[in-house]
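All of the numbers you see were taken from the coordinates with simple rules; none came from a lab. Since the structure is predicted, the reported quantities are computational estimates derived from the model, not experimental observations. Neighbour counts are summed over all protein chains in view; Cβ atoms, including those assigned to glycine, are modelled from backbone coordinates with ideal geometry.
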């Protein structure tokens, strides 16, 4: 029995450069600019297909976040349903594009909407785009705040009189062991020279 609809999935993919940009891809055969997406393979889940298709078509690794919506339309006499998730892309590409994709463009939301070829995708991105960018910005802001809070807790957890000693040990163990040793040796040499001068 023929499946009553065609199942596909994709992503609204955001990358910070440093401002948030959204990925759209150009198909090689038709030269159309579209959202990255594709059909499910066999028993593949929609979420797994969305991630795979986006990585293949943009060339970037992505982290998948919340579901943002779906598009449905008739193609070749059959209903096609495309589910989309919000995704965050790595800054640099991790692989070459698949043959079917000619190019990838990272654009601000308004320009991405304008550049899309298909009207239904323009309307869809225009509607979900602001929420996607809001969620992406909130995630970035929360990560920055979290790092700052951890740094503040780390500093305030150490008594003031011990902070120099504490961070010197931290440098010694984590950052630059050779440099830390040379700093301590220089300080020790100066202390010994001072004691010798006082004794004389």
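Indicate the gyration tensor shape class of the stretch 5-141 (rounded, prolate or oblate), computed on the Cα atoms with a ≥ b ≥ c the square roots of the eigenvalues: a/c under 1.5 is rounded; otherwise a/b larger than b/c is prolate and the rest oblate.
On the way: a/c = 1.34, a/b = 1.31, b/c = 1.03.
Taking the square roots of the gyration eigenvalues as a ≥ b ≥ c, the stretch 5-141 is rounded.
Rank these for me by crowding, 76, 91, going from fewest to most other beta carbons within 10 Å. Spell out each step's value before the answer.
On the way: 76 6, 91 10.
Fewest-to-most Cβ neighbours within 10 Å comes out as 76, 91.
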Quick note on 124, 67, ordering by fewest other C-beta atoms within 10 Å, gives 67, 124
